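Here is the structure we will look at, set down as structure tokens.
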Amino acid sequence: MTLSVALMGTDLIGQARTGTGKTLAFGIPVLQRTVALRDADYEDLAAPGKPQSLIVTPTRELALQVASDLTLAGADRGIRVLTVYGGVPYETQLDALKSGVDVVVGTPGRLIDLMNKRALDVSHVKSLVLDEADEMLDLGFLPDVEKLIRNTPETRQTMLFSATMPGAIVSLARMHMRHPMNIRAESSYDNQTVPATAQFIYQAHDLDKPEMIGKILQAEGADLCIVFTRTKRQAQRVADDLAERGFPASPLHGDMAQAARERALKKFRDSKLKVLVATDVAARGIDITGVTHVINYTCPEDEKTYVHRIGRTGRAGATGTAITLVDWADLHRWKMINKALDLPFDSPVETYSSSEHLYHDQGIAPGTKGRVAVAKPETKEAPADSERSERPAKARPSRSRSRRRTRGGSSVSASGEAPAQTSSAGGQEGGSAPARKRRRRRPASKPAGDQS
């Protein structure tokens with residue numbers, strides 16, 4: 001729906017449910033309007049090598065994903081795409097900007113830093129895209145986004161895409177966009193969640209949740225699973241617990257180094273990990289095929305967070321399962337989410353890892369435990385007595401102790417051997433050393449006048 005409008009250069013606001021392909025909606029027009037290095041009119045540009053398109057995303061993971069899609073789509077034309085985000089050294093990004101790029105995809109913080117260093121010049125940008133704009137508002141990036149917009153030309157094309165449209169984003173659009181066309185992918189009466197995702201809400205106890213998740217991971221048709229937690233510490237704890245239960249799991253949160261986060265996502269994409277335990281840093285835009293289950297370990301903060309979390313499954317027409325585990329203290333919060341999204345789960349059923357309806361709802365085989373068998377490391381058996389007798393005895397290394405001997409206040413030879421004795425008669429040397437005699441101490445001299 002947006003392609004025909006975007007290709008004409010008109011400003012637009014795209015609003016659709018998560019997982020419906022918003023990336024291609026702006027990616028194809030951006031690549032179409034970009035003049036590549038191989039094109040004949042490349043040298044006619046006002047500033048060859050400067051970025052022609054700028055795409056702003058709220059998270060590093062989303063920036064990497066968008067850049068990967070654009071690189072693949074623009075490979076035949078030779079379009080140079082640079083990903084800019086924090087947590088990594090500046091050198092590689094600075095070198096790429098010096099050599100020339102066509103499209104820059106990045107997070108607001110690092111984009112502002114490079115702009116302040118005068119390494120990033122956005123004064124020749126023809127297309128500006130704000131992806132997941134409402135998430136940038138929630139993360140506090142709105143001032144940085146406005147600063148980026150002010151440094152771009154007024155003649156640019158601005159495209160704003162988001163799953164929800166809060167008031168602050170509407171004000172931003174009115175201030176910086178020229179007669180934008182608002183395109184909504186579905187009626188305003190439609191539910192914001194993806195219909196292909198089956199939703200289950202259970203009232204569960206915190207201590208029983210790892211056992212429940214362990215059984216759900218063994219349900220019929222379960223493949224890759226994302227478990228969302230509220231805090232970083234909780235994500236680490238749940239990931240360690242699942243790994244101890246025998247499930248290949250890894251955390252993904254903001255305290256991890258960027259390289260570690262990228263490794264975890266790569267292993268998850270390659271199906272080397274079955275479970276990714278993440279905070280909301282991964283709730284936006286992560287598009288990984290094969291994610292069959294999304295589990296909210298705790299109740300989300302609001303309806304927007306809920307929509308984006310469960311949108312990691314059931315993408316691009318595929319089916320998925322979204323399970324939310326609500327604590328007793330979060331029942332009021334869930335009822336607000338349920339009312340805002342008009343869901344039929346006003347009163348979650350009390351559920352334990354042994355509840356029959358959990359087995360029935362998720363297709364879990366009877367008798368399944370929340371722990372899979374882990375192969376124990378092989379231990380070498382002790383050799384039999386006959387084998388011990390056949391082995392030659394190892395000679396113990398002799399340990400010589402060096403002593404320092406003194407005799408009469410003077411040291412003897414350092415080798416520890418007694419020196420040759422000199423006979424009292426004539427000082428004969430050699431031969432075997434005579435037996436050592438103790439020297440008597442001379443009696444103290446008597447004081448004068450004491451003579452008896």
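Every read-out reported here was derived from the displayed coordinates using simple, explicitly stated rules and does not represent laboratory data. Everything quoted here is computed from the prediction, not taken from an experiment. Neighbour counts run over all protein chains shown; Cβ positions are idealised from the backbone, glycine included.
Tell me the relative contact order for region 62-141 as a rounded percent, counting alpha carbon contacts under 8 Å between residues six or more apart.
27
What shape does region 132-271 take by its C-alpha gyration tensor, where a ≥ b ≥ c are the square roots of the eigenvalues and a/c under 1.5 counts as rounded, a/b above b/c as prolate, and the rest as oblate?
It comes out prolate by the Cα gyration axes.
Protection proxy ranking of 294-302, 341-349, by the mean of other Cβ atoms within 10 Å over each peptide's residues and highest first, is 294-302, 341-349. Between the amide H of residue 203 and those of 326, 349, 350, 351, distances stay under 5 Å, these residues lying 5 or more places away or on another chain, with hydrogens modeled in the peptide plane.
Packing, taken as the mean count of other beta carbons within 10 Å per residue, orders the peptides 248-255, 204-211 from highest to lowest as 248-255, 204-211. Remark on residue 296: its backbone amide H falls under 5 Å from those of 228, 323, 324, 325, a criterion applied only to residues 5 or more positions apart or on other chains, H modelled at 1.01 Å from N. Ranked by the mean number of other Cβ atoms within 10 Å of their residues, highest first, the peptides 215-227, 2-14, 124-136 come out as 124-136, 215-227, 2-14. Which shape class applies to region 197-362: rounded if a/c is under 1.5, otherwise prolate when a/b exceeds b/c and oblate if not, where a ≥ b ≥ c are the square roots of the Cα gyration tensor eigenvalues? In terms of gyration-tensor shape, rounded.
In order along region 166-176, phi translates into HN-Hα couplings of x, x, 5, 6, 5, 5, 4, 5, 5, 7, 10 Hz, rounded to whole numbers, per the Karplus curve 6.51 cos²θ - 1.76 cosθ + 1.60 with θ = phi - 60° and x for Gly and Pro. Here the Karplus relation 6.51 cos²θ - 1.76 cosθ + 1.60, evaluated at θ = phi - 60°, turns the backbone of region 60-73 into coupling constants of 5, 4, 5, 4, 5, 5, 5, 5, 5, 5, 5, 4, 5, 6 Hz, with x for every Gly and Pro.
Relative to its residue count, region 3-184 spans a Cα convex hull of 112 Å³ per residue.
Extension gain for residue 240 to residue 331 (0.36 nm times residue separation, less C-alpha to C-alpha distance): 30.0 nm. Relative to the current alpha-carbon distance between residue 90 and residue 42, full extension at 0.36 nm per residue lengthens the span by 14.5 nm.
Find the relative contact order for region 256-372 and round it to a whole percent, using C-alpha pairs within less than 8 Å whose residues are 6+ positions apart. Walk me through the numbers before you get to the answer.
Details: 99 pairs, mean separation 21.6, N = 117.
Reported as a whole number, the value is 18 percent.
According to the square roots a ≥ b ≥ c of the eigenvalues of the Cα gyration tensor, what is the shape class of region 240-319, taking rounded for a/c under 1.5, prolate for a/b larger than b/c otherwise, and oblate for the remainder? It comes out rounded by the Cα gyration axes. Each residue of region 354-371 was assigned a 3J(HN,Hα) from its phi angle through the Karplus curve 6.51 cos²θ - 1.76 cosθ + 1.60 (θ = phi - 60°); the sequence is 9, 5, 5, 5, 5, 4, 6, 5, 9, x, 8, 5, x, x, 5, 9, x, 8 Hz, with glycine and proline shown as x. Once C-alpha pairs closer than 8 Å and six or more residues apart are averaged by separation and normalised to the residue number of region 3-184, the relative contact order reads 32 percent.
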